[in-house]
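Data block below; observations after.
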Amino acid sequence: MSKFQYVIKRNGAKVPFTTQRITNAIYRASVATGGRDKNFAKKLAEKAVAKLENKFPASYVPHIEEIQDVVEEVLIEAGESELAKAYIIYRAENMKRRQQQSRRYSYEDNVPWEKIWRTLVWAQKHDLDSIDKLNKRIRKGEMPDIIKESEQFYQKQIDFASQLILDKSDEIKMVMVSGPSSSGKTTTTIKLEKILRKQGFKFVPLNVDNYFFDLDMHPKDEFGDYDFETPQALDLELINKHINQLLQGREVKIPFYDFSKGKRTLNKTPLQLKKKEILIIDSLHGLNPQFAADSPEESKFKLYLEPLLQMRDKQDKFIRWTDIRMMRRMLRDAKFRAYKPAQTLEHWHYVRASEMRHIIPNAMSADFIINSAMPYELSFYKYYLINDFKKWTKQYKDDPLREDALMRATRVYSFLKDIQKCEQEDLIPKDSVIREFLGGSELKYH
């Protein structure tokens, strides 16, 4: 146990000091370089703490930057140059992200501006570009029309994507559907396949969840949460090997991952592509350069999803896409995974950090982008979640370790309270992408 009791965070908050957080940070950097030795990470963390204790008196409260400086020194002194580099890069990326978040206006190369513009024009034409306009239409009894218009807009994008695939069907052997958490990848994949089936094609899914490393090899964050969001949680080498073999027409035996035990069994299920069969990969990391890196580019069709809602709140600020996806995941996880909404909120900082590092930067490499947002979905989320968000704005107020949860809860509550609530869930089509999160879909997801 360290002689230090507290550490000062970047915002000035004083929180408990634990060696485990240093271990987790070192192990995360180790995973990024291909290492999976938790005991080694623990030993390096203990060396860092010992060096801190020699450097400062017991009464001293170290700053997080001072701790990270010492960790870098320890890694370099231990001869772990690659690990030190990964740790330094990870630290620099976090700093860059914080700086970007502190700016009110910033231009990002990975934002699909043309798609956003088209979505905004559509929203303006349908009087759905602000909460006030949405509420006005709902009060006029136009919710069924809003739902129909939104679903048609979404379906047209899927129709267009399917045509792009059919136009190059002699070359495309693999469709990679990617996007951040709760962007609607599964529903979109099913709808896409329905169209292609009419032309004689069939999707053969490769479930990359089966390629997770065993749970005891996964990195954790400062709160002890396992990281399933990083691409390094997957056995990318084996994925790439199997994809290449499948595209060559060979049979492979894919592994099986038991989430209840956190264990993977190799060589479990045989898989092989036949004529007019297309490999479909629904993954957070489908556009990551490391994913299917050795496969010919002309054999791939890359599809990216994001709820690109263009709606302003009463303060004239656009509602954030990440907040929409967070609410979607809250509802889905509560209904299908016995995961409480508060747990999703507390974990979201981790989801978001991984998205910003590993998923969103690859968005512009997609062949086509689909906007999965439904302007009407917010009215239903208010019905299910408004009381929780109101409670969280008070619950996390004085907890320095949950400042991110408080920030998100406050932001969502500020616009959710102004939206006209809707309880008529039967208005939502049974094949809607929103059913992926609310339940009651006629589509088979498993």
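Quick note: the coordinates plus some simple rules give every number you see, no bench work behind them. None of the values given here were measured: they were computed from a predicted structure. Here the Cβ is made from the backbone with ideal geometry for all residues, glycine too, and neighbour counts use every protein chain on show.
Computed quantities for the displayed model
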{"item": "Student exercise, the chain dipole from Lys, Arg, Asp, Glu Cβ charges, in Debye to nearest 20", "result": "940 debye"}
{"item": "For the chain, radius of gyration divided by Kirkwood radius, i.e. Rg to Rh on alpha-carbons", "result": "0.98"}
{"item": "Set of aspartates and glutamates near K394 by C-alpha distance (under 16 Å), chain-local residues within fewer than 8 positions excluded", "result": "E346, E403, D404"}
{"item": "Positive-pole candidate from L438, A292, L406, dipole of segment 113-438, charges at beta carbon", "result": "L438"}
{"item": "Partner lysines for K274 [C-alpha distance under 20 Å; skip if fewer than 8 residues away on the same chain]", "result": "K168, K173, K194, K198, K202, K241, K253, K300"}
{"item": "Qualifying chymotrypsin sites (Phe, Trp or Tyr not before Pro) for segment 225-280 [loop in DSSP, other Cβ within 10 Å: at most 13]", "result": "F259"}
{"item": "Structure-based [θ]222 nm, the chain - -39500 (n - 2.57) summed over DSSP H runs of at least 4, per residue, nearest 500", "result": "-15000 deg cm²/dmol"}
{"item": "DSSP-defined antiparallel bridges as percent of all bridges, the chain, nearest 5", "result": "40 percent"}
{"item": "Ratio Rg/Rh, restricted to segment 254-363 and using Cα atoms, in which Rh is the Kirkwood radius", "result": "1.04"}
{"item": "Counting all C-alpha pairs of segment 6-102, share separated by more than 18 Å (%)", "result": "46 percent"}
{"item": "Reachable lysines from K390, criterion Cα separation under 19 angstrom, eight or more residues apart if same chain", "result": "K314, K340, K382, K417, K421"}
{"item": "Segment 241-285 versus segment 401-446: alpha-carbon centroid distance in Å", "result": "32 Å"}
{"item": "Relative contact order computed over the chain (Cα-Cα under 8 Å; 6+ residues apart), in percent", "result": "18 percent"}
